[in-house]
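Inspection log for the structure reproduced underneath, given as structure tokens.
Just so it is clear, none of the values below were taken in a lab; they were calculated from the coordinates. Bear in mind that the values here come from a model prediction, so they are computed numbers and not experimental data. FYI the Cβ positions are ideal-geometry reconstructions off the backbone, even for glycines, and counts take in every protein chain you see.
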Amino acid sequence: MAAALRAQDAEAEQAARDRVHTAKAALGERGTPWWDQEETERRARWSEGLAAFDEGTDGG
């Protein structure tokens, strides 16, 4: 994200922010707290987050 900020590239900055959001949601830092979920729910969230990165649907 720092490179996007230095380049004043708003589109790249938004893509970087989207990737950070996807990662934080997958790790349980956003949304339902990970400690309030069953193991299967946590694993599903991680898997969906990784799939979003693999598919490029995470904004990056």
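Assorted remarks:
- Charge dipole (the chain, unit charges on Cβ, about Cα centre) - positive-most of Met1, Gln14, Trp46: Met1
- Its relative contact order, with pairs defined as Cα atoms under 8 Å and 6+ residues apart, puts the chain at 39 percent.
- Mean residue ellipticity (222 nm) of the chain, computed from DSSP H runs ≥ 4 via -39,500 (n - 2.57), nearest 500: -22000 deg cm²/dmol
- At 1.567 mPa s and 4 °C, Stokes D of the chain from Kirkwood alpha-carbon radius, µm² per second: 106
- Simple spin-label estimate for Glu13 and Phe53 gives 2.4 nm between the two label positions (7 Å along the Cα-to-Cβ direction from each Cα).
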